[in-house]
Amino acid sequence: MIGKSGFTCIFYLLICFLLVRSGLVTYNKEQDYSYSTYNLSSEEYDSDELFFTSRSAYNYTIKKFSISDQKITEYGVDKLINEYAVCDEYLFFSTNGETKDEPQRIWKYDRLLETYEVLLEVPKCVFLEVCEGFLLWGDGYDIYVVPVDGNPEEDSISILELFGEDGLDSEGSGEVSFLGWKIRRYPNGENHWSWDITDQQTGNILVGGIYDHRQLLYVDDVKVEFSRNVSSTDSYFNYRRDGEDDWHEIRCLGGGKYNLSYLDTSCMVLENNMIVAMLTVASGSQVGRGLSQYNTQSDILFVINLDTDTSSIIFDTQNNKTRIIGYRKGVLYLLENDVIYRKKLRIGGKEKLYDFEEEGWELYKENDEHEKIHKSIFFQWQGNNLIMWTDYEYMRSINVSDQITSP
């Protein structure tokens with residue numbers, strides 16, 4: 001994600017609201033060009049606050065948008081912020097040293113006292129997360145755990161050391177129990193390892209895929225891996241459940257039309273044992289998530305039935321001027337001509353939700369050649385709230401509550 005949707009211990013959220021972008025995809029009347037990235041949110045997570053990062057000069061700062069008062073608060077220490085994690089009392093983040101040889105720092109901001117302190121200096125910090133009252137941080141090889149009120153210098157516990165001498169097999173894989181969690185370490189390429197942390201009682205994944213370079217979808221206790229162009233199938237896009245050796249083809253994406261497109265698990269949701277997923281159909285040679293509107297043919301919504309291992313496309317915008325910005329329980333949220341619409345898939349037709357021009361948004365700016373161009377519009381779901389912005393200085397949100405049942 002671009003930033004993290006508030007404070008939660010779930011690294012891959014329990015997805016009930018599929019959001020496909022955070023930097024969007026507008027219909028640009030002047031230049032027909034825009035930039036897009038992806039994101040997702042959760043029906044279960046309905047906080048009043050959205051935390052995110054934004055770039056200011058050469059530094060990234062952490063900002064908080066409050067839905068209730070529609071205001072932005074900024075945090076930072078005039079340093080380049082890398083990773084961050086949030087809980088009720090504190091905001092944790094890491095920064096680089098002044099030079100490449102200096103250690104990175106892990107900071108702690110007390111949200112009540114409004115004070116900053118350096119918790120720890122480490123050679124490298126590539127992961128930060130808060131989970132059930134504990135701060136987890138990692139260096140790419142090991143994971144360390146410390147209470148959010150603890151002293152990392154004295155209280156940090158190495159997960160790798162918990163395995164002991166005989167706790168890992170010859171490949172470096174193993175499982176260990178700690179704090180009511182089941183912690184699993186497994187290889188992910190040569191000299192690379194990934195970690196999963198699950199609740200021992202519920203089996204729910206608390207933190208999943210740390211340092212994992214594969215495309216994995218985590219929803220409750222369901223884990224599905226996706227891959228492009230595996231040798232064992234004729235399909236370009238494939239998937240398999242955790243523990244399976246054989247791959248299943250996503251046949252609705254066959255025929256070569258979608259081969260330049262990027263299949264992203266952050267644009268997927270599980271409903272009734274079916275994966276509902278969004279895909280931007282790329283045009284030309286550009287491949288990736290951040291495609292401009294110019295390099296996009298259309299957006300599609302497709303489903304994978306995990307019971308029958310079949311797939312089908314259920315919606316296609318058929319052009320690059322109508323963009324999918326969200327999906328939930330049979331309802332699509334679309335952006336078209338600077339207007340947000342809600343469309344029920346089974347019924348047809350669409351309902352106007354929000355008009356940017358009518359609401360007074362400044363959607364155009366001049367570039368260096370003094371040409372009038374359309375700004376990119378950014379979106380982020382927070383429960384039933386759709387948060388929107390064109391830059392990091394002006395943000396608004398609307399509530400799109402509905403009681404639509406699954407199709």
Determine the distance separating the Cα centre of segment 151-220 from the Cα centre of segment 85-117; give it in Å without decimals. 24 Å
Computed over the Cα atoms of segment 47-180, what is the ratio Rg over Rh, Rh following Kirkwood? 1.02
Given 321/375; 343/365; 71/365; 257/350; 63/100; 223/257, the pairs whose alpha carbons are separated by over 19 Å: 343/365; 71/365; 257/350; 63/100; 223/257
Once you sort the root eigenvalues of the Cα gyration tensor of segment 261-368 as a ≥ b ≥ c, which label holds: rounded (a/c under 1.5), prolate (a/b larger than b/c) or oblate (the other case)? oblate
From the C-alpha gyration tensor of segment 127-202, square roots of 5λ in Å: 21, 14, 12
Taking Lys and Arg as +1 and Asp and Glu as -1, residues besides residue 88 with C-beta under 14 Å from its C-beta add up to -3
Using Cβ contacts closer than 10 Å as the measure, can you line up 345, 270 from fewest to most? 345, 270
By the Cα gyration tensor axes a ≥ b ≥ c (a/c under 1.5 gives rounded; else a/b larger than b/c gives prolate, otherwise oblate), the shape of segment 89-154 is oblate
Fewest to most neighbouring Cβ within 10 Å: what's the order for 370, 192, 213? 370, 213, 192
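None of the figures in this text is laboratory data; all of them are computed from the coordinates on show. What you see is a predicted model; the values in this text were computed from it and never measured. Neighbour counts run over all protein chains shown; Cβ positions are idealised from the backbone, glycine included.
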